[in-house]
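Beneath this line is the structure, given in structure tokens, with notes to follow.
The values are calculated or read from the model by the stated rules, or taken from the named source; none is laboratory data. Only a predicted model underlies this, so the values are computations on that prediction, with no experimental measurement involved. Note that we place each Cβ from the backbone using ideal geometry, even for glycine, and neighbour counts take in every protein chain shown. To get the accessible areas, we keep the full protein, side chains included, count just its heavy atoms, and leave off ligands, DNA and RNA. Shrake-Rupley method; radii C 1.70, N 1.55, O 1.52, S 1.80 Å.
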Amino acid sequence: MDILTIRGGKSLRGEVLVEGAKNAALPEMVAALLTTEPVTLENVPNVRDISTMAALLRSFGVRVEHDAEGRRLSLRAEDLHTRRASYNLVRTMRASILTLGALLAREGRAEVSLPGGCAIGTRPINLHLEGLKKLGASVAVEHGYVHATAKRLRGAEIFFDTKTVTGTENLMMAASLAEGTTVLQNAACEPEVSDLAEMLGAMGAHIEGAGTDVLTIHGGTPLRGVEHRVVGDRIVAGTFLAAAALTRGAVRTAGVRPAHLRAFLDKLHDAGVRLEEADDAVAVRPSDDTLRARDMVTQPYPGIATDLQAQYMALMTQAHGTAVIEETIFENRFMHVSELLRMGADIRLDGSTAVVRGPTPLTGAHVMATDLRASASLVLAGLAADDETVVHRVYHLDRGYERIEEKLRALGADVERREE
Ligand code: EPZ
């Protein structure tokens, strides 16, 4: 397994081109199941979750080809030879559950292994299954698999008790092939959901309300092939902006729309970070202002993304004062705290709330990554520590960040990847 060795204390400076959003590309790859025509995705991030989804789609019989540098994906789902998503693939990536709705809508049946929980929570899929039943599917859960069948899906009114990103995406894809109109109430409105809606629209689906929490899908017409460019990854951008603020540097993240990070950018500004915006870029500018502790709560979009909570916490260890951080989306998303404490941070946990006192000098240590965004938080802390930090189990990071050590080195960080 790889490790990252970081010698901190250097200010990051320069520009980083942010890759396409993993959490948009994943459902958009699955959307290729909704047509037999060729689908091409541009600006696909070269990260492990994408390779896992490609392997899963290939296991159904979908042709999936990467171009040389892996940013352009060509997919074609002409004849499927199975409708079963096997446990050995699904257990490595929960987002595999996204294939359930599309497989069912296209083939009339689907068998998808239950994704199981992960480090950050139990991650139930009850809302996905209840929604598919409302569209007329019979759904049974046996031997760790979801078995769904439906002669013909029919449009329905569906209300999500909790906003669910992949639940909304699963139902949007199923509804786009269902007979009649489906209304999704209390739908997720993350930019990745809107990007999928835009792609489905270009395939011929008739979807109203993208970007709002009421999505109306008029299904029933066959969908055609499409060329779609994946939206930039706002979480990767937010991670680099936090790294720049943490190291008192100046970094411009290109390929991301500021509106997709509005709540996070407002919070950084409020904490004393100087920012500059363009249509598809955000920059942290040099500043002598002290970093001020500011409370933060994670919320569904347009609130601050839970996927930026760990990175924000690393930043607050260097801010003056006390910051109260509340995690409202997942029940166990503080796995990074124990490792930050070992580096000298002052953080007290109380249920879903973390109280961070700063600034505290961070010292380098051997730390263990546990989940994708917690790993990013440990890398940020390593950049701020004044000596050497070694991050273990870097494979968590590789799921959602494309060659992060190369991008950080290009910004002046002293970081290298080695075999453990
Ligand atoms: C998506 O996960 C993202 N993954 C996550 O990013 C992200 O953290 C999360 O949305 C929240 O924004 C992808 O898009 C592939 P949810 P998802 O369903 O869809 C509860 C990363 O770091 N819930 O929006 O699985 C659930 O337990 C990953 O890239 C139910 O109760 O999250 C949670 O408390 C991590 N029943 C809340 O809803 C359900 O049927 C939000 O979960 C579904 C969800």
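For the range 223-237, taking the residues that are away from the ligand (no atom under 14 Å from the Cβ) and among the basic types (Lys, Arg), the one that is nearest to Ser176 (Cα to Cα) is identified as Arg224.
Every residue, every condition in (1) open to solvent by 20 Å² or more (accessible area, probe 1.4 Å); (2) in a helix (DSSP H, G or I); (3) among the acidic types (Asp, Glu), yes or no:
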| residue | (1), (2), (3) |
| --- | --- |
| Leu223 | no, no, no |
| Ile235 | no, yes, no |
| Phe240 | no, yes, no |
| Ala243 | no, yes, no |
| Arg248 | yes, no, no |
| Arg262 | yes, yes, no |
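Suppose the filter is open to solvent by 50 Å² or more (accessible area, probe 1.4 Å) and farther than 25 Å from Val230 by Cβ; does Arg285 pass it? Explain how you work it out, then say what you get.
Numbers: open to solvent by 50 Å² or more (accessible area, probe 1.4 Å): yes; farther than 25 Å from Val230 by Cβ: yes.
It is true that Arg285 is open to solvent by 50 Å² or more (accessible area, probe 1.4 Å) and farther than 25 Å from Val230 by Cβ.
Within the range 368-384, residues that are under 13 Å from Met343 (Cβ atoms) have Cβ atoms under 7 Å from residues that are among the acidic types (Asp, Glu) and outside any strand (DSSP E or B) in these pairs: Met368/Glu339; Leu378/Glu339, counting only partners at least 6 apart in sequence or on another chain.
For the structure I just gave you, tell me whether Pro27 is under 18 Å from the mean Cα position of the chain (by Cα), under 19 Å from Gly255 (Cβ atoms) and either within 16 Å of the ligand (Cβ to nearest atom) or small (Gly, Ala, Ser) (or both). Taking the combined requirement at face value, the residue does not satisfy it.
Listed here are the residues, each with its yes/no results for (1) modelled with pLDDT under 95; (2) of a type in the set (Lys, Arg); (3) over 24 Å from the mean Cα position of the chain (by Cα).
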position: Cys118; (1), (2), (3): yes, no, no
position: Arg123; (1), (2), (3): yes, yes, no
position: Leu127; (1), (2), (3): no, no, no
position: His147; (1), (2), (3): no, no, yes
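Output the residue which, of all residues in the range 145-202 that are of a type in the set (Ser, Thr, Tyr) and closer than 16 Å to Ile125 by Cα, is most open to solvent (accessible area, probe 1.4 Å). Checked the range 145-202; the qualifying residue most open to solvent (accessible area, probe 1.4 Å) is Thr162. Taking each residue of the range 408-420 that is under 21 Å from Thr253 (Cα atoms) and looking for partners that are of a type in the set (Gly, Ala, Ser) and in a strand (DSSP E or B) with beta-carbon atoms closer than 9 Å, six or more apart or interchain, yields Ala410/Gly14; Leu411/Gly14; Gly412/Gly14. Residue-level check: of (1) on the phi > 0 side of the Ramachandran plot; (2) more than 16 Å from the ligand (Cβ to nearest atom), Arg109 misses just (1).
When we screen Asp195, Asp161 for residues that are assigned to a loop (DSSP other than H, G, I, E, B) and either within 16 Å of the ligand (Cβ to nearest atom) or out of contact with any strand residue (DSSP E or B) (no Cβ under 7 Å at 6 or more places or on another chain) (or both), the only hit is Asp161. Filtered by the rule that a residue be outside any helix (DSSP H, G or I) and under 20 Å from Thr92 (Cα atoms), the range 116-141 gives Gly116, Gly117, Cys118, Ala119, Ile120, Gly121, Thr122, Arg123, Pro124, Ile125, Val141. If you go through the range 386-409 and pick out every residue that is more than 22 Å from Ala25 (Cα to Cα) and in contact with a Pro (Cβ under 8 Å, 6 or more places away or on another chain), you end up with 1.
Does Leu127 meet the test of being in contact with a helix residue (DSSP H, G or I) (Cβ under 7 Å, 6 or more places away or on another chain) and on the phi < 0 side of the Ramachandran plot?
On the way: in contact with a helix residue (DSSP H, G or I) (Cβ under 7 Å, 6 or more places away or on another chain): yes; on the phi < 0 side of the Ramachandran plot: yes.
Yes, satisfied.
Thr122 passes every criterion in (1) among the hydroxyl-bearing types (Ser, Thr, Tyr); (2) in contact with a strand residue (DSSP E or B) (Cβ under 9 Å, 6 or more places away or on another chain); (3) within 12 Å of the ligand (Cβ to nearest atom) apart from (2).
Select from the range 261-304 the residues that are more than 22 Å from Gly14 (Cβ to Cβ), within 16 Å of the ligand (Cβ to nearest atom) and touching a Gly at 6+ places or on another chain (Cβ under 7 Å) and list them in ascending order. Selection gives Ala263 alone. Restricting the search to the range 288-301, which residues are surrounded by fewer than 18 Cβ atoms within 10 Å (Cβ to Cβ) and within 15 Å of the chain's Cα centre (by Cα)? The answer is Gln299, and nothing else. The numbered conditions (1) touching a Ser or Thr at 6+ places or on another chain (Cβ under 8 Å); (2) in a loop (DSSP other than H, G, I, E, B) are all true for Ala283 except (2).
Check whether at least one residue in the range 317-324 is over 30 Å from Ser96 (Cβ atoms) and touching a Phe, Trp or Tyr at 6+ places or on another chain (Cβ under 8 Å), and report yes or no.
Taking the range 317-324 as the starting set, the residues that turn out to be over 30 Å from Ser96 (Cβ atoms) are 317-324.
Within this subset, residues satisfying the condition of being touching a Phe, Trp or Tyr at 6+ places or on another chain (Cβ under 8 Å) are none.
Within the range 317-324, not a single residue is over 30 Å from Ser96 (Cβ atoms) and touching a Phe, Trp or Tyr at 6+ places or on another chain (Cβ under 8 Å).
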